Amino acid sequence: MKVIDLRPDAKLLKSNFDGYKLSLDAVPILRLENINKPHKVKLTSSEYSLSHSMLFNLHNHLVPDPWLSNTAYYIDSTLTVQRIQYDTQSGRLKPAQVVYKFSNNQEQTEGSYNTEIKFISEKYAVLSNGTGILQIIDTGDRQKIDEWKRLDSLEPIDKSFIIQDARFKIDKGEKIIHCLLLHIDQLDGKFYNIIDWITLKEESSTKKWKSSARRTLQGKGSLYYLSLDVHCTSVVYSSNHEYKYTFDSVNEIVQDVEMEADKPKEFADSESSFQWSQKGEDITINFSQIPDALKDDYHVKCHQSHVEVKCGDEFLLNSDLFAEIDVDLTTWTLENDFLQLNLIKKSPELIWPYLTPGGPAEVLAATEKSNQLLSSQPAPDLNSQMEECDFGDDGHENDEYFIEQLDATTHKTHHKIFLASNHPLFSITLRPGFPKAIAVRNDVDCCLWLQQQITSEDEWSLKHEGTLNAFGYVQASKRDRKYMMCSPDMSLAVISESTRHLFIYRDSYSTATGLRKRTGPQLLIGQQKLVALDGTNGEIQGISVENDAVLLLTENAVLCLQLAEEE
């Protein structure tokens with residue numbers, strides 16, 4: 001496993017950004033009334049986990065078209081796909097247009113999921129009706145108002161699901177669709193996220209789509225990001241719990257279980273045989289008291305990413321390390337029958353979440369825990385005091401989040417990125433046909449990272465594509481937020497509450513109203529707008545952010561906020 005450190009591009013960071021200035025200019029709002037209400041599934045009494053709440057209540061029912069700007073779609077209560085389009089030339093919101101209707105629909109029952117649309121190319125899309133039906137659709141030329149055609153309908157996993165990601169590929173003339181289907185199942189009294197990776201191929205003779213492979217992953221915890229990699233050879237996800245492959249129809253899953261005879265002989269209760277802590281680049285390991293008969297018979301052997309500590313015939317420690325160390329600077333001492341091992345990190349800035357896989361947690365004094373929390377949390381500037389909203393997210397400051405790439409062939413983790421207590425804020429499609437970009441807080445900013453198109457399938461990385469200035473800080477104070485999104489050009493970001501308010505942040509004010517310092521470099525000022533919606537609209541159930549407009553789907557209307565700047 002290779003650990004990757006997210007290093008933002010300094011050219012995409014603005015150190016002279018001085019916050020947002022509230023603009024009192026009115027935001028023109030176009031309203032499309034008399035629409036069919038969006039299709040929304042309500043939670044039942046048996047669906048009470050946090051994963052259920054996030055999956056159902058935070059579902060975005062308005063799906064933007066990555067290949068066609070200012071256009072979005074939603075599925076209404078009659079399971080009809082409605083098209084919403086904002087005409088930039090006329091400045092008007094076009095009437096909703098029916099493009100497709102589900103046929104042979106199953107009745108929505110307990111265990112159903114929200115419907116979903118995923119556009120996989122300029123011509124194709126996949127739809128789910130929430131009851132286990134996956135439909136492959138030929139959308140034709142979406143710039144026109146052609147009616148969509150159903151190519152095939154399947155029940156890929158015999159369970160209801162929601163489509164989390166879908167990708168279209170052509171390999172040696174074969175049309176292939178990869179889908180990540182998610183459902184929540186209760187096993188042994190606990191709720192688990194079950195991810196089914198389905199590979200569909202079109203038969204050239206019948207033009208029917210058949211399942212050619214199925215892989216299943218399982219894990220607990222919240223999923224903040226889930227996608228296939230660029231080559232569709234691995235799954236990339238972000239969570240606070242690890243996920244593992246439990247089934248693969250192509251490659252057999254080999255469990256890493258060592259035979260007892262091959263295991264090194266260790267002291268009983270090996271988890272408490274040593275304690276460890278870290279401070280900067282130093283790692284200190286303290287071992288339990290060594291028996292008098294063996295205190296002069298110990299051996300320490302260190303490699304770049306492995307350490308062995310042996311006392312007599314017993315192993316005190318024999319395991320791989322989280323990351324590489326500087327072997328030449330490793331020291332150890334034996335005082336008062338206690339052995340202490342001092343390691344030096346090769347990457348001093350990297351905070352180790354663990355010393356060895358499955359080993360004991362880091363031991364910290366109360367004062368050290370407080371100091372580490374203060375030093376790891378972002379602040380608006382060095383002279384300002386910390387605020388309550390800076391300490392983690394909604395009381396989960398003790399959770400450790402990460403981004404992990406799980407390979408489909410080896411079923412092992414190839415790359416991992418540790419995010420400390422800051423989970424990804426949202427994901428967005430920046431380039432049609434590519435995996436979604438991940439928005440991660442970096443100090444007060446929010447950086448957007450996109451998976452790289454790398455020739456070698458063994459390599460994988462994220463590239464810093466853009467920055468939402470100070471957005472990481474401002475979003476932390478919005479406790480009632482429901483949706484967060486940014487425009488494809490990353491010039492503006494939006495935070496939406498569930499009913500009445502929207503907060504809009506643009507990265508720059510117009511030149512005429514910007515602020516300057518009398519001495520020193522010019523300060524960059526962003527623009528903030530607060531939009532209060534009419535209470536008759538009902539709950540906000542979907543959002544699509546364009547470069548100059550925001551489309552909102554509510555219970556009773558479709559709204560378009562016109563954000564084009566007038567110079």
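The values are calculated or read from the model by the stated rules, or taken from the named source; none is laboratory data. Note that the structure is a prediction, hence the values are computed from the model and not measured. Positions of Cβ are backbone-derived with ideal geometry, glycine not excepted, and every protein chain shown enters the neighbour counts. Calculation scope for accessible area: heavy atoms of the full protein, side chains included, ligands and nucleic acids excluded. Shrake-Rupley method; radii C 1.70, N 1.55, O 1.52, S 1.80 Å.
Some observations on this one:
- Among (1) open to solvent by 40 Å² or more (accessible area, probe 1.4 Å); (2) hydrophobic (A, V, I, L, M, F, W, C); (3) assigned to a strand (DSSP E or B), the one test that residue 493 misses: (1)
- Hey, residue 442 under 30 Å from residue 65 (Cα atoms), surrounded by 16 or more Cβ atoms within 10 Å (Cβ to Cβ) and at pLDDT below 90 or not: no
- Qualifying residue in region 180-193 (condition: at pLDDT below 95, aliphatic (A, V, I, L, M), in contact with a strand residue (DSSP E or B) (Cβ under 9 Å, 6 or more places away or on another chain) and open to solvent by less than 70 Å² (accessible area, probe 1.4 Å)): yes
- Selection of region 523-552 for residues being β-branched (Val, Ile, Thr), open to solvent by 20 Å² or more (accessible area, probe 1.4 Å) and either at pLDDT 95 or above or part of a loop (DSSP other than H, G, I, E, B) (or both) yields an empty set.
- Strands (runs of 3 or more DSSP E) enclosed by region 35-154 - at least 3 residues per element that are open to solvent by 30 Å² or more (accessible area, probe 1.4 Å) and under 23 Å from residue 556 (Cβ atoms): 97-101
- When residues in region 467-482 are screened for being touching a residue at least 24 places away in the same chain (Cβ under 8 Å) and surrounded by fewer than 20 Cβ atoms within 10 Å (Cβ to Cβ), 4 of them pass.
- Taking every residue in region 529-542 that is within 30 Å of residue 19 (Cβ to Cβ) and pairing it with any residue that is assigned to a loop (DSSP other than H, G, I, E, B) and of a type in the set (Ser, Thr, Tyr), at least 6 positions away or on another chain, the pairs with Cβ-Cβ distances below 7 Å are 529/23; 540/498; 540/499.
- Counting only strands (runs of 3 or more DSSP E) wholly contained in region 301-340, the ones carrying 1 or more residues that are more than 36 Å from the chain's Cα centre (by Cα) and more than 15 Å from residue 273 (Cβ to Cβ) occupy 331-335.
- Residue match in region 183-194 (condition: assigned to a loop (DSSP other than H, G, I, E, B) and among the small types (Gly, Ala, Ser)): yes
- One residue from 9, 18 being closer than 30 Å to residue 420 by Cα, open to solvent by 40 Å² or more (accessible area, probe 1.4 Å) and over 26 Å from the mean Cα position of the chain (by Cα): 18
To keep it simple, each residue is scored yes or no on (1) β-branched (Val, Ile, Thr); (2) modelled with pLDDT under 65.
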position: 395; (1), (2): no, yes
position: 400; (1), (2): no, no
position: 438; (1), (2): yes, no
position: 449; (1), (2): no, no
position: 452; (1), (2): no, no
